[in-house]
Number of protein chains: 2
Amino acid sequence: MARNANINDDARIVAVKPPAVILCEPQLGENIGTAARAMANFGLADLRIVNPRDGWPSEKARAAASRADHVIDAVQVFDSLEAAVADLTFVYATTARSREVPKPVRGPDEAAAKAVALGAGGQATGYIFGRERWGLNNDEVALADEILTLPVDPDFASLNIAQAVLVCAYEWRKTATDGVLPFRLSAEEHPPAAKDDLFRFFDHFEAALDEVTFFRPAERRPHMIRTLRNIFQKAQLTEQEVRALRGVVAALERRETRTRRDRGGGENGD
Amino acid sequence: MARNANINDDARIVAVKPPAVILCEPQLGENIGTAARAMANFGLADLRIVNPRDGWPSEKARAAASRADHVIDAVQVFDSLEAAVADLTFVYATTARSREVPKPVRGPDEAAAKAVALGAGGQATGYIFGRERWGLNNDEVALADEILTLPVDPDFASLNIAQAVLVCAYEWRKTATDGVLPFRLSAEEHPPAAKDDLFRFFDHFEAALDEVTFFRPAERRPHMIRTLRNIFQKAQLTEQEVRALRGVVAALERRETRTRRDRGGGENGD
């Protein structure tokens, strides 16, 4: 939650109207709270609850929300799912099971694409999540425009509510921000090495290896040089890393020189 | 978890070697368990734990795993992160904060693309997740090939371990299966109406409306007909739905007729 000096400001700005999350008759306050936290992680704030079994407000929900207080404080409670979605224009019903309902079935990525497109035009959208034990009934699914389901392993399909909310909220934010991450490898802080830097390192390195007759037999030299150069090309070195490597080579040159001197050589003064 | 007769069998088959999940010094058994459950949801099974604070095995972990016993039973415990990733060839370190480390930073979708590409070639990959309180230290991040972070709201960035595992596992499975969902709207069970069916419904509907002189003034008839036809085109009706609508029109025709007869009209026998 702490502010981070290196945060990419683009990751803060979301110009798209976020969807509402509607929990239909949730039983446990903990699940409401963890759903609220998952929403906050991905920038959603409009949480609506239909007939929470244990009432509202809920201290268990607030504790489980782990400081997503702005979501908990703004919760709206309704006594019917119809009322909870009344002001929305496009609504998904999430279900884990196939239904005898002739409605399109979408994954969270497809649903996010639609919700972002509608939200960019200012439309109010929503995702309905069902009860812990048995989800939504068919009358409730009939209130939604489309069905949303997750690409789970069919042999272990039981997600809890907060997990389903998390994946939907993640896809929504990823789509709404076009995949902006809070931070990336910064080319300012870690400027990549120009090829010229790299080539001068290669020259230095290979000269040091020539000095110790590393390339044997001599006709293998071109092949071995290509192998070594490829290693360092693949590493996508920064300027600082090239400097570090040149320091390494210089240090080894001196050591090698010292060692040979110790051996009583001395034919190489540098 | 129950088998569902309508499950798309493609959603069961994943030909790609799944990544390992490595939890570095987790404190709470609950978090290990919910991470195991999240893995099972998306078809991951190789869970490795480095120095779990409260020891192993953990009954709290098993309870929180909510029947992902196959993941819990196969857990491997290590006394160093190096040992935990020793057999892997490509490893992500997940972090929530920007690091002074010149490593590429990827989102879960980009990481999944790489992990699936490598896994399709039989390579063993892994995702490292840090401690609940403060994640991974820089020496631990240095053991990884690349950094992974989630596209969270920077102002509310604290995901718990299981949530981070869930999103990574979700993206991995979505990528590995090319987005196959456990079920879709079945064109076999709900055959879409052929246009010919729809046009016969239009004829029936519009004749019924002509009968009650709905189209007034007459010159507006073509426009009003287009409006009504567009409504039903957009609904992408199934064969069964067209039959239901024709039943509705027939029923309303009879009612209208009866009503007019009751009024003493009788000029229209049908």
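The values are calculated or read from the model by the stated rules, or taken from the named source; none is laboratory data. Note that the coordinates shown come from a computational prediction; the quantities given were computed from them, not determined experimentally. Please note: Cβ atoms are built from the backbone with ideal geometry, for glycine as well, and neighbour counts cover all protein chains shown. Heads up: the accessible areas ignore ligands, DNA and RNA and are worked out on the full protein's heavy atoms, side chains in. Shrake-Rupley method; radii C 1.70, N 1.55, O 1.52, S 1.80 Å.
For the range B:138-163, residues that are more than 10 Å from every other protein chain (Cβ to nearest Cβ) and among the aliphatic types (A, V, I, L, M) total 5.
Applying the criterion of being part of a loop (DSSP other than H, G, I, E, B) and in contact with a Leu (Cβ under 9 Å, 6 or more places away or on another chain) to the residues of the range B:82-97, the residue that is farthest from the other protein chains (Cβ to nearest Cβ) is B:Val85. In the condition set (1) in a strand (DSSP E or B); (2) surrounded by fewer than 21 Cβ atoms within 10 Å (Cβ to Cβ), B:Ala45 is compliant with all but (1).
Summed over the range B:68-81, the residues that are open to solvent by 30 Å² or more (accessible area, probe 1.4 Å), touching a Phe, Trp or Tyr at 6+ places or on another chain (Cβ under 9 Å) and either over 28 Å from B:Asp178 (Cβ atoms) or at the interface with chain A (Cβ under 8 Å from one of its Cβ atoms) (or both) give a count of 1. Residue under question is B:Phe215, and the condition is that it be of a type in the set (Phe, Trp, Tyr), more than 7 Å from chain A (Cβ to nearest Cβ) and in a loop (DSSP other than H, G, I, E, B); does it hold? Yes; evaluated as a whole, the condition is true for this residue. Do we have A:Gly55 as closer than 24 Å to B:Leu150 by Cα, at pLDDT 95 or above and assigned by TED's automatic domain parsing to the domain that holds A:Pro18 here? No, not satisfied. Only residues that are part of a loop (DSSP other than H, G, I, E, B) and either closer than 30 Å to A:Leu148 by Cβ or not aliphatic (A, V, I, L, M) (or both) were counted across the range A:158-191, and they come to 16. Of all the listed residues (A:Glu59, A:Glu100), the sole one being closer than 30 Å to B:Pro192 by Cβ and charged (D, E, K, R) is A:Glu100. Might you let me know whether the range B:14-23 holds any residue that is farther than 25 Å from B:Glu82 by Cα, within 14 Å of chain A (Cβ to nearest Cβ) and out of contact with any helix residue (DSSP H, G or I) (no Cβ under 9 Å at 6 or more places or on another chain)? No, every residue in the range B:14-23 fails to be farther than 25 Å from B:Glu82 by Cα, within 14 Å of chain A (Cβ to nearest Cβ) and out of contact with any helix residue (DSSP H, G or I) (no Cβ under 9 Å at 6 or more places or on another chain). Exactly one residue out of A:Ala86, A:Ala96 is out of contact with any Cys (no Cβ under 6 Å at 6 or more places or on another chain), at pLDDT 95 or above and either within 17 Å of A:Ala35 (Cα to Cα) or open to solvent by 30 Å² or more (accessible area, probe 1.4 Å) (or both), and it is A:Ala86.
For the range A:192-210, which positions are outside any helix (DSSP H, G or I) and among the aliphatic types (A, V, I, L, M)? Across the range A:192-210, the qualifying residues are A:Ala193, A:Ala194. Determine, yes or no, whether B:Pro52 is farther than 20 Å from B:Gly130 by Cβ and either buried (at least 21 other Cβ atoms within 10 Å of the Cβ) or away from chain A (no Cβ under 14 Å) (or both). Answer is no for this residue. Taking the range B:164-179 as the range and being more than 7 Å from chain A (Cβ to nearest Cβ) and either open to solvent by 20 Å² or more (accessible area, probe 1.4 Å) or free of Cβ contacts under 8 Å to residues at least 60 places away in the same chain (or both) as the test, the residues that pass are B:Thr175, B:Ala176, B:Asp178.
All of A:Ala208, A:Ala142, A:Ala194 fail the test of being under 28 Å from B:Thr149 (Cβ atoms), surrounded by fewer than 20 Cβ atoms within 10 Å (Cβ to Cβ) and small (Gly, Ala, Ser), apart from A:Ala194. Screening A:Val16 on (1) within 24 Å of A:Ala176 (Cβ to Cβ); (2) surrounded by 15 or more Cβ atoms within 10 Å (Cβ to Cβ); (3) of a type in the set (A, V, I, L, M); (4) more than 26 Å from the chain's Cα centre (by Cα) shows it passes everything except condition (4).
Where residues in the range A:99-137 are within 14 Å of chain B (Cβ to nearest Cβ) and assigned to a helix (DSSP H, G or I), which of them is surrounded by the most Cβ atoms within 10 Å (Cβ to Cβ)? The selected residue is A:Pro108.
Can you list residue pairs whose Cβ atoms sit under 6 Å apart, with the first residue in the range B:229-253 being away from chain A (no Cβ under 14 Å) and the second being assigned to a helix (DSSP H, G or I) and of a type outside the set (A, V, I, L, M)? Count only pairs 6 or more apart in sequence or on different chains. From the range B:229-253, the pairs are B:Arg229/B:Phe202; B:Arg246/B:Phe201; B:Arg246/B:His204; B:Val249/B:His204; B:Val249/B:Phe205.
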